Amino acid sequence: MTWSKALKDTVRTGLTVERTKLQPLVAVRGAAGVAIVIGVVLWLATPTLAVSSAFGAFASALVTFQRSWRPRPVLALAVAAGLAVSTFVGYMAAADPLVFGVLLAVWTLLAGMAWAVGPVSGMVATQTVAVMLITVTLPTSVAGALLHAGIIVCAGVVQAALIVVFPVRPWGLQRDALADALAAEADYARRLRHDPVARFDAQPLMDARSAAELTPRQARNRPRQLGGPRGVAERLRPVLASLADPVVGAPAEGPERDHVRDLLAAAGTVLDAVARSIRWGKPVRLPPEAMAVLEGAESGSMLTGPARRSALRLIALLADAVEATDEPVKEARPANGEPKDAKAPKKSGEKEQYRHLLRPTVPRLVPVGLRALRREARWSSAIGRHAVRVAGVSLAGYALGSALPLGHGYWAPMTSVMVMRPDFGQTYSRGVARFVGTLVGVFVGGLVMALAHPGPWVCAALAVVCIALMYLLMRTGYSVASACIAAYVVFLLGIAGEGWSQTVEERVILTLLGGLLAMAAYALFPAWETPKLRDRLADWLAANGRYSLAVLDAFAHPADRKPRRVREALLDARAARQAWEDAVARAQREPVRHRGISRNAERGAEAALATMGRVTMLMEAHIPDRDAAPSKEAEEFAAALRAALPDAAAAVRERRDLDWSGPLDAYGAWQARVGEEGVAVRAAELLVDALDELAGVLSRGPGGRNRAARR
């Protein structure tokens with residue numbers, strides 16, 4: 001992609017305003033916390049202290065809007081503590097510009113490295129830098145610095161107390177994540193009716209798993225409705241795929257295929273009903289038409305062989321999903337007739353207990369965070385380069401802002417810190433959005449100040465209105481949020497008696513300077529994702545291979561099968577695929593020529609590895625019982641694949657041709673012995689086809705060596 005096209009894309013992205021679901025009650029609660037803090041401090045203390053407390057209340061509430069599964073009061077208190085420490089340390093160094101510059105560089109470097117822990121940690125750390133730059137400009141003493149820090153902590157306590165006293169839909173994020181996972185399975189079932197090899201987006205399942213990570217205290221208070229359906233949703237996907245697949249399921253045409261379509265439609269209807277029940281905490285309402293299809297499939301004999309086994313397993317899992325909601329089951333009123341008592345699908349004979357995933361408490365997160373920091377503290381890491389980049393830019397912005405004959409020079413480094421992210425696309429789109437939003441915000445705020453000349457209390461009320469709008473509209477786009485924040489700052493400075501006309505001019509010039517510094521830094525010191533695509537692809541191939549081997553080993557030695565090993569391999573493969581897709585999305589927005597893999601090869605390799613994962617999932621749905629006979633052929637095929645995988649992953653990284661001759665020979669021997677009978681051998685054929693396709697699209701020669709060998 002050329003620089004001109006990349007800049008056009010980032011400008012378009014930065015200025016896009018999206019329609020999204022608003023949360024007015026949560027926005028009102030956050031704005032109420034800001035209003036309480038500003039009002040009390042303005043009443044009891046000085047306008048300067050009120051301005052300082054306003055930033056603490058604003059940031060403490062802002063972090064609770066981020067996508068995190070931790071309790072919101074904990075997040076508010078954590079960010080308040082971080083802001084207080086940052087404020088006090090900044091005050092101690094503010095007297096000496098050289099010392100403060102060194103402190104700012106070190107503090108920003110650590111804030112940049114905080115992205116290694118997670119996006120919420122990175123955002124919180126960024127807020128600490130911004131508050132340090134703002135509050136140290138307010139004149140005070142050491143005792144006053146302690147007072148400022150204490151007020152900021154109190155602001156966080158107020159926000160946390162409001163969250164506890166006025167909870168808005170407790171466990172709502174967890175309910176939504178689990179309901180989204182079940183709704184995604186329902187949509188997948190309906191798409192399989194028309195496309196037996198439809199693609200499934202595993203992101204909702206990954207979110208549901210993250211939402212299920214609880215501390216022991218949270219687990220004791222969790223609604224029972226959130227305890228079981230996630231495990232059912234995870235096991236539904238391979239069963240749905242194996243039922244719809246024409247190779248290991250029902251034939252592509254005929255009465256069995258029509259019956260499978262009816263089953264998939266009924267499964268989608270039941271899953272949607274369970275998702276609605278979980279999302280809103282209401283009883284499950286099952287339509288009688290879907291119930292009739294499921295009951296007929298359980299008692300009839302329309303399907304045979306693997307398709308019938310998949311259908312029975314599907315019915316049992318749907319019964320588990322309904323029963324796991326722990327709510328009364330109601331059958332919806334028929335189109336013509338009276339409602340009748342519901343009869344949920346029969347529960348499977350195998351009772352399984354679902355346990356929550358253990359989430360470490362805050363003190364135990366410290367070693368986890370330190371390990372993440374050590375892992376990213378290297379020159380080749382995108383996070384490490386981002387930390388160095390943002391530290392250098394903040395120091396340069398602080399020096400330029402101080403040298404210019406303008407007040408509020410801290411706005412330049414603060415803008416740079418707020419817009420910079422570890423990837424090119426977000427940094428440039430946020431830089432454009434920040435500048436445009438600031439123009440709009442300062443124009444509106446300055447116009448109000450010029451026409452109305454409001455006093456401190458009116459300015460405080462207007463600031464609260466602006467921050468309420470920001471909390472309400474922040475998910476619609478960064479430009480909208482920036483406009484609200486810019487007006488908020490204008491009114492806050494109006495509380496302290498700053499001249500509005502000078503504020504508008506300085507804000508625009510310094511925001512533009514900070515945005516340009518951030519963009520220039522990424523252009524001069526980038527961390528491009530494009531050259532790393534082959535590494536991401538190799539990681540995905542290796543993870544897919546471990547997943548395939550875990551399933552094949554279960555066929556080879558059923559008595560020794562380890563469901564936990566299969567499950568962990570699946571999660572690794574899913575994470576590797578997500579990392580690949582994220583890398584591709586970032587690379588597509590970079591002004592970098594593709595070095596190492598072309599667009600066509602990229603798409604072809606992605607399709608081949610997605611097929612490899614899907615075929616393994618089909619095999620997983622038919623793993624034999626422990627008392628089944630071992631499969632020597634599956635063992636030999638697994639051994640050949642295990643031997644070929646390390647060299648294949650290295651070949652992807654080193655741009656060499658892939659050699660799958662070992663797995664191809666093992667599959668040929670397997671097919672010669674048993675023919676086409678059995679799910680495993682038919683899935684193995686699809687697996688080697690996927691590997692062959694991968695070798696073909698990545699081969700330097702026309703068609704690939706393995707294709708020529710097979711012909």
Residues in segment 614-661 that are open to solvent by less than 20 Å² (accessible area, probe 1.4 Å) and within 20 Å of Ser242 (Cα to Cα) total 6
Looking at Leu541, Leu513, Leu517 in this structure, which one is open to solvent by less than 10 Å² (accessible area, probe 1.4 Å), hydrophobic (A, V, I, L, M, F, W, C) and in contact (Cβ under 8 Å) with a residue 40 or more places away in the chain? Leu541
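Matching residues to (1) out of contact with any helix residue (DSSP H, G or I) (no Cβ under 6 Å at 6 or more places or on another chain); (2) open to solvent by 50 Å² or more (accessible area, probe 1.4 Å):
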position	(1), (2)
Leu537	no, no
Pro563	yes, yes
Glu568	yes, yes
Asp572	no, yes
Residue tally, condition more than 30 Å from the chain's Cα centre (by Cα) and among the hydrophobic types (A, V, I, L, M, F, W, C), over segment 225-265: 6
Segment 1-12 residues that are part of a helix (DSSP H, G or I), paired with ones that are acidic (Asp, Glu) (beta carbon under 8 Å, 6 or more apart): Ala6/Glu590
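Looking at Leu49, Leu7, which is the one that is out of contact with any Lys or Arg (no Cβ under 8 Å at 6 or more places or on another chain) and open to solvent by 20 Å² or more (accessible area, probe 1.4 Å)?
Details: Leu49 fails: open to solvent by 20 Å² or more (accessible area, probe 1.4 Å).
Of the residues listed, the single one that is out of contact with any Lys or Arg (no Cβ under 8 Å at 6 or more places or on another chain) and open to solvent by 20 Å² or more (accessible area, probe 1.4 Å) is Leu7.
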Can you find a residue that is over 27 Å from His408 (Cα atoms), open to solvent by less than 60 Å² (accessible area, probe 1.4 Å) and among the small types (Gly, Ala, Ser) anywhere in segment 146-163? yes
Wholly within segment 467-570, which helices (runs of 4 or more DSSP H) include no fewer than the required count, namely at least 3 residues that are under 30 Å from Ala644 (Cβ atoms)? 533-556
If you go through segment 13-55 one residue at a time, how many are of a type outside the set (A, V, I, L, M, F, W, C) and assigned to a helix (DSSP H, G or I)? 11
Please work out which residue is farthest from Ala149 (Cα to Cα), limiting yourself to segment 76-120 and to residues that are crowded, with 22+ Cβ neighbours inside 10 Å and under 18 Å from the mean Cα position of the chain (by Cα). Ala116
Residue tally, condition open to solvent by 10 Å² or more (accessible area, probe 1.4 Å) and of a type in the set (A, V, I, L, M), over segment 418-447: 7
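The values are calculated or read from the model by the stated rules, or taken from the named source; none is laboratory data. Here the structure is a predicted model, which means the values were calculated and not measured. Here the Cβ is made from the backbone with ideal geometry for all residues, glycine too, and neighbour counts use every protein chain on show. Heads up: the accessible areas ignore ligands, DNA and RNA and are worked out on the full protein's heavy atoms, side chains in. Shrake-Rupley method; radii C 1.70, N 1.55, O 1.52, S 1.80 Å.
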